[in-house]
Amino acid sequence: MSLTRKIKDPTDAKRRRMVEDYVMAKGVDDKRVIEAMLKVPRHLFVEPALAELAYNDHATPIGSSQTITQPYTVAILAQEAELKGDECVLEVGTGSGYTTSILALLCQRVYTIERINSLSNKARKIFNKLGYNNIVCFTGDGTIGIAKHAPYDAIVVTAGAPKVPIPLAKQLKPQARMVIPLDNGTGQIMTVVTRTKGMHFKVDKKADCSFVPLIGKHGWSK
Ligand code: SAM
């Protein structure tokens, strides 16, 4: 046996099964999203003790009472953002950094903001390890956005909001999309908000979803 023979990554098969069974089988067909999900090593974004669960289709704890978003939902968030490759994207809710990493493979630059410092620091270390150098991390209240780098080609919010945070809507470019889980009284619904002209927006309700709350000045109080 040649020592230089390429050793197959044992997590490749798990990722392929995850993408086939929980993403493609449920109707996600954006090739770039599928390719990105086949590449990003999801097991690195959960606690080592939970690595075995990383490729199942459910949210998994990441510490600080937060969760890594389930693979299918990440795929929907990314697909609905309709990224082509040259966009600057704002993500609100870095969490583990997994969704950030998928977005980073789909666009030019991701600005990501997380309210919990320890999660932001942990995610930053993984981005460095994986060489994802088009991600810029911030810690703070993402409901006010990041005005310094606005306007954005897309905004992806990965926590459930009571209503669209106005500062985020204002930070969208014309025709740009915000993908955001919104409370509808009985649960949450994944919603796409498109800035049509000035301060006019088109709102498209997509699928039911379940996220931890978006806490902040323009979100929930706790
Ligand atoms: N998509 C992430 C992933 O793949 O790991 C998971 C995100 S988790 C469901 C939601 C995250 O949003 C949590 O880490 C939470 O702390 C964060 N969050 C909640 N409110 C926030 C706010 N106002 N600004 C920034 N982050 C916020």
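No lab work stands behind these numbers, since they all come straight from the coordinates. Values in this document were obtained by computation on a predicted structure and should not be read as measured data.
Descriptive notes on the structure:
- Kirkwood radius, the chain, all distinct C-alpha pairs, inverse of mean reciprocal distance: 17.6 Å.
- Structure-based [θ]222 nm, the chain - -39500 (n - 2.57) summed over DSSP H runs of at least 4, per residue, nearest 500: -7000 deg cm²/dmol
- Subset of LYS26/LYS222; LYS39/LYS125; LYS170/LYS222 violating a 28 Å alpha-carbon distance limit: LYS26/LYS222
- Under-5 Å amide H pairs with THR191, H placed in peptide plane, nonlocal only: ILE180, LEU182, LYS206
- Amide hydrogen proximity for TYR152: with H placed 1.01 Å from N in the peptide plane, the residues at 5 or more positions away or on another chain lying under 5 Å are LEU172, LYS173.
- Computed from Cα positions, the angle between helix 71-81 and the longest principal axis of the chain comes to roughly 50 degrees.
- Equivalent ellipsoid, the stretch 114-216 (semi-axes from 5 times Cα gyration tensor eigenvalues, Å): 24, 18, 12
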